[in-house]
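Note sheet for the following structure.
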């Protein structure tokens, strides 16, 4: 009943439009490596304390940001990865769930409805919530355990620390007012990566609370005020307590290739534990324990290796003796990650057994009936709050199964696709994800330049999805969604991808997709999220990166190897192409296991001649590259890791690089965006949120507090037709913000009075009436949606007189334009959206 981490295990090979053929293999290890290596290189550690430190430093500062709030874009019709669930003991429809990296959520409707869920603000940078416990005597008291960790950080050589995939745990939080306010109970804010897997109350004395954690087992006897470690055996992943004899406690240990595994029992309230040798004691996955509520001497244990189940075991005498009930491979390739067993409240022979799919049994597990099939999810667009598949569909990777305390026909599951419920004891199922915006974007969210209602992005475990202006996004490509792009000149052409550079193209605005074969890239080492990029000035020209660079000149129809050069064992991670020269590009590389130093390269020949390695950059993985919109010699690069600068700029084509972090926190930085209309306005996304600078990087402000106390930002996307900045997060879906409403540091003194340009929409002429109060210089620029200045009027005004400008639009193409007004420092004063008919 809890927990593990991500990525769909399966790779879906797209053979034609949206038809998928699953390949049963785990991609979760690759996903962990992809997420972790960018943060742990070069020292092999995730410095969780850095996130807590950054939050403490930034949280007290009052934001000077003004303007419209962030708007949630969704998806709200499919759920994201979910680790835990708890029922309120007195309100059968009040549910709490813990997401993998989107924090704690609550529903007052049992998960039913289009707006069934809302995020609970804790006042702390909580990302992964792996366990929830509600006091059975005083249900206003709630504990949550944080962090998502699959191996003990000190247990393996540093080279393997990439498998410690986690989401910045900070220990245990407690609320005593039903979730309205929170305090730290077990404080791990100043430690490196740790996780809490299970919290349980003593049912006879609720002041006693126990926690299973990566560091061992902890106990509090005073309601969470203080904690004492009672077992230092690492990777405690599950806990159960006998409800009538609370001296009897069961604990399971193990995780991803954990060195200490086994099921342990205490008969003295946790003062000591003994290994139950009649069960398997060596396994490379994890074990999950469940006690029968009606016969608490009965308990079931699901034990698995990394990539297959070992078996379902049962004891009817408190664990003295065990019987192997079934060896069905329920966990399959996710034995270290997602499986569980739940026992019927009134019949110890009836159970729900989950892993990749859902099974039920009426005879203690001797016979199992498969009830769900993960492959049956509905492709296309489902309505918010509606079923996401037939009644025998539940999303794969089921982390926990829970019988409802008031109605034993109701069973809930938490999965990598959100929450599901059965109302007939596990026979049929439906999704309960209306409004549960917890999706994990991997990388690119691509927005169409001319249509603000068209975007595409890739989700962890939840396919590639297409946005149409509503909160109900459409699933279009299976597997793990990766890099995406939209042709800037013709949005009929849309591109998406699966892991390992499986790229697909749509010629009908994302309705159907067909796979592209990228040369010999399948034979090379590739990043889990391998890149491809369209040349902005010639979007029929595409680049793709494996170990070598590949290029296509016909929208991906055919590909050629740009050159035979490669960066040793490294694979290409990110590509940036100049807005004006399709053969000028930069790209970064990294090692998939951290054994080789990463690099950034430049090519002026489309990669065909030798690559120029960039010097003067940190020994960290470059996670994003971006050209200045008006200067191909100015490039920005951002970097992961810790204990280093993260944002760099060159103004001379890469000969010299300067760090412009200034006051930014020392956190992995994932993405950067430069406003094409105001290139001095910079935005970065890191593991705390979005930061903005309106003075070319001299000073930064944290601007994403409205979204959450902390959110990992993977991509910043620009929607030119409505001037919105879109944010693809790893845990809270997508949001957007009106760029022209964003003001940092307060409003400058007003010296320019002007009316909105007219007529708007315009056909032939556009007029602007304004008055300059004091002698000043202003520039009025007519700009297209790609940021190109089409017409510019700059003049020193004496002040005090009414002025007028007129723009001849007669020969301009129909579409959206922007009128940008700047002062003599280059800072903007106003921006107006102009429609030419």
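The values are calculated or read from the model by the stated rules, or taken from the named source; none is laboratory data. Predicted model, so just to flag it, every value in this text is computed and none were measured. With ideal geometry, Cβ positions are generated from the backbone for all residues, glycine too; neighbour counts draw on all protein chains shown.
I'd like to check something: does the stretch 67-89 contain any residue that is outside any loop (DSSP other than H, G, I, E, B), surrounded by fewer than 19 Cβ atoms within 10 Å (Cβ to Cβ) and outside the structural domain of residue 408 (by the TED database)? Yes.
What do you reckon, is residue 659 surrounded by 18 or more Cβ atoms within 10 Å (Cβ to Cβ) and within 29 Å of residue 570 (Cα to Cα)? So residue 659 does not fit the description; no.
Residues in the stretch 368-397 that are closer than 27 Å to residue 324 by Cα and not in a loop (DSSP other than H, G, I, E, B): 369, 370, 374.
The rows are residues; the columns are (1) in contact with a helix residue (DSSP H, G or I) (Cβ under 9 Å, 6 or more places away or on another chain); (2) crowded, with 21+ Cβ neighbours inside 10 Å; (3) under 19 Å from residue 73 (Cβ atoms); (4) modelled with pLDDT of 95 or more.
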{"position": "460", "(1), (2), (3), (4)": "yes, yes, yes, no"}
{"position": "467", "(1), (2), (3), (4)": "no, yes, yes, yes"}
{"position": "486", "(1), (2), (3), (4)": "no, yes, yes, yes"}
{"position": "506", "(1), (2), (3), (4)": "no, yes, no, yes"}
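Scanning the stretch 148-178 for residues that are at pLDDT 95 or above and under 24 Å from the mean Cα position of the chain (by Cα) turns up 170, 171, 172, 173.
Restricted to strands (runs of 3 or more DSSP E) entirely inside the stretch 743-799, those with at least 1 residues that are modelled with pLDDT of 90 or more and either farther than 30 Å from residue 691 by Cα or touching a helix residue (DSSP H, G or I) at 6+ places or on another chain (Cβ under 8 Å) (or both) are 765-772, 789-797. Look at the stretch 273-286: where a residue is closer than 8 Å to residue 263 by Cα and a partner is assigned to a loop (DSSP other than H, G, I, E, B) and modelled with pLDDT of 95 or more, sitting 6+ places away or on another chain with Cβ atoms under 6 Å, you get 276/319; 279/322. Restricting the stretch 653-664 to residues that are part of a loop (DSSP other than H, G, I, E, B) and touching a strand residue (DSSP E or B) at 6+ places or on another chain (Cβ under 7 Å), the residue that is nearest to residue 712 (Cα to Cα) is 664.
Of all residues in the stretch 665-693, which are under 21 Å from residue 785 (Cβ atoms) and in a loop (DSSP other than H, G, I, E, B)? Matches in the stretch 665-693: 675, 676, 677, 678, 679, 680, 681. Scanning the stretch 630-640 for residues that are assigned to a loop (DSSP other than H, G, I, E, B) and out of contact with any strand residue (DSSP E or B) (no Cβ under 6 Å at 6 or more places or on another chain) returns a single hit, 630.
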